[in-house]
Amino acid sequence: MDRKRFIKSMALLPLISRSMNLKDLNKMTSTMSNTGKMPVLFLGHGSPMNAIEENEFVTEFRKLGKELARPNAILCISAHWETKGTFVTAMQNPPTIHDFGGFPQALFDVQYPAKGSPELAQETKSIITKTEVGLDDKWGLDHGAWSVIKHLYPNADIPVIQMSIDYSQPAKYHYELAKEISSLRQKGVLIVGSGNIVHNLRMVAWKKLNEQFAYDWATEANEKMKSHILSGDHQKLIDFKSQGRAFDLAIPTPEHYLPLLYTLALKEENEKITLFNDKAVGGSLSMTSIKIESV
């Protein structure tokens with residue numbers, strides 16, 4: 001641990017709960033030590049049933065989990081945790097949240113007992129200056145997180161925390177906030193955005209939910225988004241409300257789209273973007289997923 005890092009850790013002591021002893025502090029600093037730069041992911045999570053069904057999308061998630069360097073921890077920005085203000089889960093044992101209804105009992109029976117990481121939560125809080133980050137002990141892991149992470153790491157043996165989406169803030173705010181957590185990539189943290197870039201549940205063709213099918217506007221929006229992603233034109237993606245009717249239909253509400261901006265904000269110069277699971281289902285949902293990594 002270098003001198004600058006030690007001084008920063010000492011400065012944080014007044015902010016750390018009195019219940020944290022010296023052993024806990026040593027664990028925090030060792031867990032957050034520098035590593036090689038981890039990739040960044042945006043995962044199209046689609047239906048909660050992807051947690052228990054066998055299909056091409058979960059096959060790709062499993063393949064990805066085998067290809068990635070093993071992370072020290074995971075930080076997930078899920079479409080399904082919206083709050084006023086920004087929070088990170090800070091409990092040691094986050095519960096598996098079944099935040100949906102109308103699905104088979106087998107889905108409700110799924111548990112993903114990954115540990116949390118109060119140390120990573122505190123580190124995340126400390127490096128963000130754009131806003132005051134709250135430490136949450138009530139949320140847990142919602143299906144936007146566990147339904148995809150369980151395929152990457154089925155043994156639930158990597159700590160996971162979530163960071164919430166402040167619904168009161170515009171897209172530019174989220175993009176800029178994400179840049180402040182970039183240093184976590186150098187500390188073995190896999191940052192995952194989980195949502196869907198095209199997500200309009202009101203217009204889903206339910207009879208075609210299990211087949212590849214897209215309305216014309218969904219295809220148009222998905223293709224334009226991919227073009228901006230691959231060209232690095234993030235401003236058009238930030239200004240999604242000004243991109244025309246196809247975007248308006250693809251993003252009727254922003255919560256499933258904003259995790260994409262968190263992922264893209266973390267891309268650094270000369271890093272490679274790979275698209276996968278680039279298919280539409282149900283007419284108005286896109287499973288398009290993204291991996292960003294150093295070359």
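Key figures for this structure:
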{"quantity": "Cα-projected label distance for R202 with E67, points at 7 Å along beta-carbon direction, nm", "calculated": "3.7 nm"}
{"quantity": "For Q162, residues with placed amide H under 5 Å, excluding near neighbours", "calculated": "C76, T89"}
{"quantity": "Nearest-10 value in Å² for the accessible area of H234, using the 1.4 Å probe", "calculated": "20 Å²"}
{"quantity": "Sparse-neighbourhood loop sites, GluC sites (Glu not before Pro) in the range 192-295 - DSSP loop, at most 13 other Cβ within 10 angstrom", "calculated": "E211, E268, E269"}
{"quantity": "The range 109-202 shape via C-alpha gyration tensor axes, a/c threshold 1.5", "calculated": "oblate"}
{"quantity": "Cleavage-rule hits (chymotrypsin sites (Phe, Trp or Tyr not before Pro)) in the range 80-124: DSSP loop, at most 16 neighbouring Cβ within 10 angstrom", "calculated": "F100"}
{"quantity": "Amide H partners (placed H, <5 Å) of G193, local residues excluded", "calculated": "L41, F42, L43, I77"}
{"quantity": "Charge sum, other residues only, whose C-beta stays under 13 Å from N196's C-beta, Lys/Arg counted +1 and Asp/Glu -1", "calculated": "-1"}
{"quantity": "Protein-only accessible surface order, largest first, of K115, K226 at 1.4 Å", "calculated": "K115, K226"}
{"quantity": "Distant-in-sequence amide H partners of D99 (H built 1.01 Å from N, under 5 Å)", "calculated": "H143"}
{"quantity": "DSSP-defined beta bridges in the chain - what % are antiparallel, rounded to 5", "calculated": "35 percent"}
{"quantity": "Accessible-area value, T131, 1.4 Å probe, nucleic acids and ligands omitted, Å²", "calculated": "40 Å²"}
{"quantity": "Stretch gain in nm, segment I127-D157, where the contour uses 0.36 nm per residue and the Cα spacing is subtracted", "calculated": "8.3 nm"}
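The values are calculated or read from the model by the stated rules, or taken from the named source; none is laboratory data. Treat the numbers as computed from the prediction; the structure is a model and nothing was measured. Glycine gets a Cβ as well: all are built from the backbone with ideal geometry, and neighbour counts include every protein chain shown. SASA here: full protein model, heavy atoms, side chains in, ligands and nucleic acids out. Shrake-Rupley method; radii C 1.70, N 1.55, O 1.52, S 1.80 Å.
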